[in-house]
Amino acid sequence: MIELSVCIGSSCHIKGSYNVIQTFQQMIEENNLHGQVDFKGTFCMKQCDKPGVAVAIDNEKFNIDPAQARTFFKENVLPKVK
Ligand code: FES
């Protein structure tokens, strides 16, 4: 089980965290990963100054462009659960 979190703080919200959440939820459904990915929203990850939405896989932090959320999931989440 990996923990996947998306920042829902105000700065990330403006940068599109809602879209990232939607995409990740969809990917979890499509790949049937409910038992393998603990998906949650989290408060400000102190990454506001970086471009993109703050995302964490376990304790590793990333900043992603919402338009790249699908690619990010494929490249960084799927290899950890398959
Ligand atoms: S609001 Fe997301 S890192 Fe600060």
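What the table shows:
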| quantity | calculated |
| --- | --- |
| Sole residue being out of contact with any His (no Cβ under 6 Å at 6 or more places or on another chain) and away from the ligand (no atom under 15 Å from the Cβ), chosen from Phe39, Phe62, Phe43 | Phe39 |
| Within region 38-68, tally of residues that are in a loop (DSSP other than H, G, I, E, B) and among the polar types (S, T, N, Q) | 2 |
| Test: residue in region 69-82 that is part of a helix (DSSP H, G or I) and of a type in the set (S, T, N, Q) | yes |
| Total residues in region 25-61, condition among the small types (Gly, Ala, Ser), more than 14 Å from Lys82 (Cβ to Cβ) and open to solvent by 20 Å² or more (accessible area, probe 1.4 Å) | 1 |
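The values are calculated or read from the model by the stated rules, or taken from the named source; none is laboratory data. This one's a predicted model, so the numbers in the text were calculated from it and none came from an experiment. Using ideal geometry, Cβ is built from the backbone for each residue, glycine included, and neighbour counts are taken over all protein chains shown. Just the protein is used for accessible areas: all its heavy atoms, side chains included, with ligands, DNA and RNA removed. Shrake-Rupley method; radii C 1.70, N 1.55, O 1.52, S 1.80 Å.
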